[in-house]
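**Student:** Please read through the structure below; I'll follow up with questions.
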Amino acid sequence: MPHESTTEQPAPERHVFVYGTLRRGGSNDITRLRPAPRLVGTARLRGVLYGLGPYPGMRLEGHGEDDPPVIGEVYAVSEALERQLDVIEGLRLDLPAQDLDEYAKRDVVVEVGGQPVECFMYEIHPRFAEATARLLHGDWFQVVPPQQAELTEVELDVQTVETLSHHVK
């Protein structure tokens, strides 16, 4: 009788494309979250970047042929970290996406090191972008440079992020 392994296989990693405050050095730097993400590389994605005050929003539609792509980073994330990102971006975990949500999670394919990588990203709802400044360069860090000060590592779990998000909104 063959011996069956009872070790649980880890959930497959998902990839996220981040283009604003979640980029390394941004105010919501993804590398400060736990469980830690793994940097896959930098990428560019066709779309339009909008300045929404302290953070950007990206639309996948509406870009012109000559518009520069949006610059971002791709990270491999665990299911637990993906849930934290959903909370940070204001997605309601207990409800399906609605027209009232500021962001919607979208599946995209980007190229990292010459290889296609399937990712999810957070796209701003059109009504939040229509009256805001369109950023013609596609790079949020040209508006708000990455933080130069040394970042202290902050460990945030899902419960902490959910608690914080209820106080912020």
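Nothing in this text is a laboratory measurement; each read-out follows from the coordinates by a stated rule. Predicted model, so just to flag it, every value in this text is computed and none were measured. Cβ coordinates were reconstructed from backbone atoms using ideal geometry, including for glycine residues, and neighbour counts include every protein chain displayed.
**Student:** Quick one: 3J(HN,Hα) in Hz for the range 75-80, Karplus 6.51/-1.76/1.60 with θ = phi - 60°, rounded, Gly and Pro as x.
**Tutor:** Result, ordered by residue: 10, 8, 10, 7, 4, 4 Hz.
**Student:** Using modelled backbone amide H atoms (1.01 Å from N, in-plane), which distant-in-sequence or interchain residues come within less than 5 Å of Ala43's amide H?
**Tutor:** Sorted by chain and number, the residues that satisfy this are Gly72, Glu73, Val74.
**Student:** If you don't mind, another one. Using a 7 Å offset from the Cα along the Cα-to-Cβ direction at both Ser27 and Leu136, what is the distance between the two label points in nm, to one decimal?
**Tutor:** Result: 2.5 nm between the two label points.
**Student:** Still on this model: Taking just the alpha-carbon atoms of the range 47-138, what radius of gyration and Dmax come out, in angstrom?
**Tutor:** Both quantities, over Cα of the range 47-138: 13.8, 40 Å.
**Student:** At 7 Å along Cα-to-Cβ for each site, give me the label-to-label distance between Arg14 and Val143 in nm.
**Tutor:** 2.5 nm
**Student:** Would you calculate the separation in nanometres between label points at Ala36 and Arg106, each defined as 7 Å from the Cα along the Cα-to-beta-carbon direction?
**Tutor:** 3.2 nm
**Student:** Still on this structure, please answer the following. Using mean Cβ contacts within 10 Å as the protection proxy, how do 39-50, 124-135 order, highest first?
**Tutor:** With the highest mean Cβ count within 10 Å placed first, the list reads 39-50, 124-135.
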